[in-house]
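Asks: The structure under discussion is supplied below as structure tokens; questions concerning it will follow.
Bear in mind these aren't lab numbers, they're just calculated from the coordinates by the rules spelled out. Quick caveat, the model's predicted, so the values are computed rather than measured. Using ideal geometry, Cβ is built from the backbone for each residue, glycine included, and neighbour counts are taken over all protein chains shown.
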Amino acid sequence: MEKVNIRKAAVIGCGFVGSASAFALMQSGLFSEMVLIDADPEKAEGEALDISHGLPFAKPMQIYAGNYDDIADANIVIVTAGAGQKPGETRLDLVKKNVGIFCKIIPEIAKRDFGGILLIVANPVDILTYAAAKISGLPENRVFGSGTVLDTARLKYILGEHLGVDSRSVHAFILGEHGDSEIAAWSSANVSGVPLHDFCEMRGHHDHETAMREIAESVKNSAYEIIEKKKATYYGIAMSVRRICEAIILDQKSVLPVSYIQHGAPDTDGVALSMPAIVGKDGIEASVPISLSAEEKDALRKSADALKKVLAGLEMPC
């Protein structure tokens, strides 16, 4: 195995999400080298040039367009390549198209004896994370998806606005599928240690059930709303990619709701979905058991069942 350059990243797919992620990573100062790869090499070259021109205002690094040979020593490979979600299309509608694309990409990574972390961002992220783990044969702690990191950020943002408080002080998770069956884990939500309902009442909000329902729906429908208005969503996910990379590169051991193949719990066993995990330099270091209400556990089981149904009908063409 080639020695891993811990400050090297690769982005595969230079569409809106890939190029926005590369731009966010350039600004982060986490990496000294970043290679961009796309099915259209000119697109990758154009993005690399455009982003490089901002380097005099950032930290020195090398950004260039390359090919799969350039990823052998990368620490993190971020896969954003895939067909985008069209207006009116669910994430799960994308499955067959994007698994086909992954059958071209993932074997190319695996055959280069890749020793880093594979971060899946393309949608539907849970199914593609499962596919990437199975196709690549890499240890599962090193293959995971961005999962509900963005959905959780949306929840924190909307709750922060609702309560008139810094969203960074809001502690709450969206779990399960990154999609229509996702769950807001209200039972464990708090604002700097104060239970959410208590904090809401302190801020003059008393109709908890209605507010929780409306906020969860708003989070779930955020992507659809943005896609309807501007045809794609990419800045929020780019910041989520940056946050996950930060946890890995700086070995922060941050608890993040990334998507990874679950083991042990009968309701979710064998399916990739988002649960809190400790993320550090080796990828997923441990899963974090989270206390859920009976209703939330039931919703998580349904979310896992929805994904299992898709996996059952999935023919891996590679």
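Asks: Using 1/(1 + (r/R0)^6) with R0 = 45 angstrom and r between the beta carbons of Asn5 and Lys86, what's the FRET efficiency to the nearest 0.05?
Replies: 0.75
Asks: Follow-up. Only Cα pairs within less than 10 Å get springs; with that Gaussian network setup on the chain, which residue of Leu250, Leu196, Leu159 has the largest fluctuation?
Replies: Comparing Leu250, Leu196, Leu159 in the GNM, the peak value goes to Leu250.
Asks: Now, a different point. Let me know the whole percent of all Cα-Cα pairs from the range 229-306 that are separated by more than 20 Å.
Replies: Cα-Cα pairs in the range 229-306 separated by more than 20 Å: 43 percent.
Asks: Now, a different point. If you plug each phi of the range 264-269 into the Karplus form 6.51 cos²θ - 1.76 cosθ + 1.60 with θ = phi - 60°, what whole-Hz ³J(HN,Hα) values come out, in order, with x for Gly and Pro?
Replies: Working through the residues one at a time gives x, 7, x, 5, 10, 3 Hz.
Asks: A further question follows. Every cysteine in the chain with no other Cys Cβ under 4.7 Å from its Cβ, please list them in numeric order.
Replies: Cys14, Cys200, Cys245
Asks: May I pose another question? What trypsin sites (Lys or Arg not before Pro) does the range 216-247 have in DSSP loop regions with at most 16 other beta carbons within 10 Å?
Replies: Sites meeting the loop and neighbour criteria: Lys231.
Asks: Here is a follow-up. Treating only the Cβ atoms of Lys and Arg (+1) and Asp and Glu (-1) as charged, compute the dipole magnitude of the range 44-201 about its Cα centre; round to the nearest 20 debye.
Replies: Roughly 300 debye for the range 44-201.
Asks: Now a separate question. Given the range 149-312, report the % of alpha carbon pairs whose separation exceeds 22 Å.
Replies: For the range 149-312, the share of Cα pairs beyond 22 Å comes to 45 percent.
Asks: Report the one residue of Val279, Ala294, Met239 whose Cα lies farthest in the direction of the positive end of the charge dipole of the range 149-312 (charges on C-beta: Lys and Arg +1, Asp and Glu -1; origin at the Cα centre).
Replies: In the range 149-312, that residue is Met239.
Asks: Using the C-alpha atoms of the range 114-216, what convex hull volume per residue, in cubic angstrom, is computed?
Replies: It comes to 111 Å³ per residue, whole-number rounded.
Asks: Quote the charge dipole size of the chain about the Cα centre in Debye, to the nearest 20; the model charges only the Cβ of Lys and Arg (+1) and of Asp and Glu (-1).
Replies: Once rounded to the nearest 20, the dipole reads 340 debye.
Asks: Two decimals is fine: what's Rg over Rh for the range 5-145, C-alpha atoms, Kirkwood radius as Rh?
Replies: Result: Rg/Rh = 0.96.
Asks: Mind checking which lysines have their C-alpha under 26 Å from Lys302, skipping anything on the same chain fewer than 8 residues away?
Replies: Within reach: Lys86, Lys96, Lys97, Lys134, Lys156, Lys220.
Asks: Specify which residue in the list Gly264, Met61, Ala306 is farthest towards the positive end of the charge dipole of the chain, using unit charges on the beta carbon of Lys, Arg (+1) and Asp, Glu (-1), about the Cα centre.
Replies: Of the listed residues, the answer is Met61.
Asks: For a quick size check, give me the Cα extents of the range 38-117 along its three principal axes, largest first, whole Å.
Replies: Taking the Cα atoms of the range 38-117, the three principal extents are 42, 34, 21 Å.
Asks: Still on this structure: Residue farthest toward the positive end of the dipole of the range 5-145, with Cβ of Lys/Arg at +1 and Asp/Glu at -1: which of Ala81, Met26, Pro139?
Replies: In the range 5-145, that residue is Pro139.
Asks: Run the dipole for the range 167-318 about the Cα centre, Lys and Arg Cβ at +1, Asp and Glu Cβ at -1, nothing else charged, and hand back the magnitude in debye, nearest 20.
Replies: For this selection, approximately 520 debye.
Asks: Then there is this: Can you give the direction-averaged projected area of the convex hull of the alpha-carbon atoms in the chain, in nm²?
Replies: Seen from a random direction, the Cα hull of the chain projects 15.9 nm² on average.
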